[in-house]
Amino acid sequence: MKKLLILLLTSILTAQTYNYSDWSLFQKYGLEQHIFGIGDTITFKVNGLVCSFCAHGLNKGIGKMDYTDEKSVFVDIKNQTVKIVILKEPDIEKTIKLITDSGYEVYLITHGNEIVWKKEKWKNY
């Protein structure tokens, strides 16, 4: 909690944001231009998380990515979500790839109350 508060204050004081507009992602995933700030949270809704072992594996894998760490990744089996606190410019494509390569389906990505991306035809989620 203390770390999150420090990140939030740092974000407000430095007002550092990242403009995410990678054209390859737009073509591949339909992601549109989006601005993320340090300390912001990205939420990935996933299908297939069923056990704590799965959650732990995703947490460790995503926690090794350049833009976050294990303490800033929160995997919720009940709600089928992966929440990531941004510590520097996020790599959405690598995150999607890591989650899907781990055997899960990403069907929605949100930033705050905004939908960053959603799968066109998803099953009953």
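The values are calculated or read from the model by the stated rules, or taken from the named source; none is laboratory data. Note that this is a predicted model, so its numbers are computed, not measured. No Cβ is skipped: glycine too gets one built from the backbone with ideal geometry, and neighbour counts run over all protein chains shown.
Might you let me know whether the range 64-71 holds any residue that is free of Cβ contacts under 8 Å to residues at least 24 places away in the same chain, more than 22 Å from Glu120 (Cα to Cα) and over 14 Å from the mean Cα position of the chain (by Cα)? Scanning the range 64-71 turns up no residue that is free of Cβ contacts under 8 Å to residues at least 24 places away in the same chain, more than 22 Å from Glu120 (Cα to Cα) and over 14 Å from the mean Cα position of the chain (by Cα).
Results for (1) of a type in the set (A, V, I, L, M, F, W, C); (2) surrounded by 15 or more Cβ atoms within 10 Å (Cβ to Cβ), shown as yes or no for each residue.
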| residue | (1), (2) |
| --- | --- |
| His56 | no, no |
| Gly61 | no, yes |
| Asp66 | no, no |
| Leu108 | yes, yes |
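Applying a threshold of 8 Å to beta carbon distances and a minimum spacing of six or more residues, or different chains, the list of pairs starting in the range 84-98 at a residue that is more than 20 Å from His56 (Cα to Cα) and touching a residue at least 24 places away in the same chain (Cβ under 8 Å) and ending at one that is of a type in the set (D, E, K, R) and in a helix (DSSP H, G or I) reads Glu93/Lys28. For the range 15-36, does any single residue satisfy the condition of being within 18 Å of Thr110 (Cα to Cα) and modelled with pLDDT of 85 or more? Yes - at least one qualifying residue is present in the range 15-36.
Residue check: Thr10 meets all listed conditions (1) surrounded by fewer than 16 Cβ atoms within 10 Å (Cβ to Cβ); (2) under 21 Å from Gly112 (Cβ atoms); (3) modelled with pLDDT of 95 or more but one, namely (3). One residue stands out among those in the range 70-87 that are touching a strand residue (DSSP E or B) at 6+ places or on another chain (Cβ under 9 Å) and assigned to a loop (DSSP other than H, G, I, E, B): the one that is surrounded by the most Cβ atoms within 10 Å (Cβ to Cβ), which is Ile86. Among the residues of the range 37-58, are any modelled with pLDDT under 90, in a strand (DSSP E or B) and either on the phi < 0 side of the Ramachandran plot or not hydroxyl-bearing (Ser, Thr, Tyr) (or both)? Checked the range 37-58: at least one residue is modelled with pLDDT under 90, in a strand (DSSP E or B) and either on the phi < 0 side of the Ramachandran plot or not hydroxyl-bearing (Ser, Thr, Tyr) (or both). Among the residues making up the range 99-121, those that are assigned to a loop (DSSP other than H, G, I, E, B), without any contact (Cβ under 8 Å) to a residue 60 or more places away in the chain and farther than 16 Å from Phe53 by Cα are Asn113, Lys119, Lys121.
Note on the range 88-97: among residues that are surrounded by fewer than 17 Cβ atoms within 10 Å (Cβ to Cβ) and at pLDDT 90 or above, the one that is farthest from Ala55 (Cα to Cα) is Lys88.
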